[in-house]
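K.L.:
One structure is given below, represented as structure tokens, and several questions about it will come after.
The values are calculated or read from the model by the stated rules, or taken from the named source; none is laboratory data. Source: prediction; values computed, not measured. Please note that ligands, DNA and RNA were not included when accessible areas were found on the heavy atoms of the full protein model with its side chains. Shrake-Rupley method; radii C 1.70, N 1.55, O 1.52, S 1.80 Å.
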Amino acid sequence: MDEESLEHIQINLKYEGYIRKEQEMVDKMSRLESLKINPEYDYHGISALSNEAKTKLSKIKPVTIGQASRISGVSPADISVLLVYLGGNKKKKGKIGEEGGGGFGGKKIINFL
């Protein structure tokens with residue numbers, strides 16, 4: 001085995017964990033982009049959201065969780081609250097619409113009503 005091939009293998013082994021973590025983040029963001037929300041929802045009804053998140057989400061009116069996650073002032077904790085709330089509403093009220101039900105796999109709209 002030549003020196004260049006050996007170096008290539010060493011680099012791949014060295015950074016394998018980092019590359020895997022980055023790929024997991026890309027996959028997670030893709031799932032968040034596929035989960036659509038009703039832009040007219042009143043976020044002030046979710047008491048667990050920070051006041052800043054309620055204000056920014058109400059003003060900007062994101063159409064996906066991915067968009068909401070990129071808004072300055074909306075923390076990862078706020079996104080987690082939204083995901084829990086969305087999941088609870090989907091199961092409890094069945095208000096997720098468009099082609100075939102809930103989940104992160106397809107393009108869905110959460111009505112929050």
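K.L.:
Can you give me the solvent accessible area of Val26 with a 1.4 Å probe, rounded to the nearest 10 Å²?
P.N.:
It works out to around 80 Å².
K.L.:
Ignoring any ligand, DNA or RNA, what whole percent of the accessible area of region 28-70 comes from carbon and sulfur when the probe is 1.4 angstrom?
P.N.:
50 percent
K.L.:
So, one more: Leaving ligands and nucleic acids out of the surface, order Met1, Met25 by accessible area at 1.4 Å, largest first.
P.N.:
Per-residue accessible area, sorted high to low, gives Met1, Met25.
K.L.:
How large is ³J(HN,Hα), in whole Hz, for each residue of region 8-14 in order, when computed from phi with the Karplus curve 6.51 cos²θ - 1.76 cosθ + 1.60 and θ = phi - 60°, using x for Gly and Pro?
P.N.:
4, 5, 4, 5, 4, 5, 5
K.L.:
Still on this model: For Lys21, Lys54, write out the residues from largest to smallest accessible area, computed with a 1.4 angstrom probe and no ligands counted.
P.N.:
Greatest to least solvent exposure: Lys21, Lys54.
K.L.:
List the residues, sorted by chain then number, that are 5 or more residues from Leu35 or on another chain and whose placed amide H is less than 5 Å from its amide H.
P.N.:
Ile65, Gly66
K.L.:
Solvent-accessible area of Thr55, probe 1.4 Å, all protein chains present, reported in Å² to the nearest ten, please.
P.N.:
Per-residue accessible area (Thr55): approximately 80 Å².
K.L.:
With every protein chain left in place, what is the accessible area of Ile11 in Å² (1.4 Å probe, nearest 10)?
P.N.:
Rounded to the nearest 10, the figure is 80 Å².
K.L.:
Next up: By accessible area of protein heavy atoms, probe 1.4 Å, what ranking do Glu52, Glu4, Glu33 get, highest first?
P.N.:
From most exposed to least exposed: Glu4, Glu52, Glu33.
K.L.:
I'd like the Karplus ³J(HN,Hα) series for region 55-66: coefficients 6.51, -1.76, 1.60, θ = phi - 60°, whole numbers in Hz, and an x wherever there's a Gly or Pro.
P.N.:
Values per residue, Gly and Pro as x: 5, 5, 5, 5, 6, 7, 6, x, 9, 9, 5, x Hz.
K.L.:
May I ask you to compute the full-extension gain from Lys61 to Glu22, defined as 0.36 nm times their residue separation minus their alpha-carbon distance, rounded to one decimal in nm?
P.N.:
Length difference between fully extended and current span is 11.2 nm.
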